[in-house]
1. Dipole magnitude of the stretch 7-108 about its Cα centre, charges +1 at Lys/Arg Cβ and -1 at Asp/Glu Cβ only, in debye to the nearest 20?
2. Mind giving me the FRET efficiency for Q45 and N92? R0 is 30 Å, r the Cβ-Cβ distance, nearest 0.05 is fine.
3. Take the Cα atoms of the stretch 7-108, build their convex hull, and give its volume per residue in Å³.
Amino acid sequence: MRAGVTIAAVATAAAQVDQRPQFHVMPATNWMNDPNGPMYDSNWQQFHLFFQFNPWGAVWGNMSWGHAVSQDLVHWRHLPVALYPNNTYDANGVFSGSVSRCALCCNLGGR
C-alpha cells in the first residue's frame, strides 16, 4: 500500500468494484483463506470470525489470523490481527485451529 493511503480509503474504493462480494467477510486488502474458529459471544452479543490472513501482501504467505466481528453476520468490523508468527514454533505461519471462550478472550471484548 502506498504511503498516505489509508485502509479505509482502499476499502471504500474496493466496495465499488462489481466483482467484490458485498455480504461475505473480506478484509479491505491482502490475501485471506480458510475461516478458523467462528464463535458467538453471548456476553457481547456478537459473532467473531478468525481466518487465515496475510497482513503484508495479496499472495499466500506470512500466515496469520485475521479477526472480524459482527452482530448480524452481514456487516463486519475488522479488528487487529489476532495471531501472527512470533515464536520459533510458528515461524512458518499460524494455520488452522479453533477458539474457545476463556477469561482472556472475554476481557478483550471484541472492541
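1. Values: 3 positive and 5 negative charges, 19 e Å.
Magnitude of the dipole: close to 100 debye.
2. Numbers: r = 36 Å, r/R0 = 1.22.
The pair Q45/N92 has a calculated efficiency of 0.25.
3. Values: hull volume 11.1 nm³, N = 102.
Cα-based convex hull of the stretch 7-108, divided per residue, equals 109 Å³.
Values in this text are rule-based calculations from the coordinates and carry no lab data. The shown structure was predicted, so the numbers you read here are calculated from the model rather than taken from an experiment. Note that each Cβ is placed from the backbone with ideal geometry, even for glycine, and that neighbours are counted across all protein chains shown.
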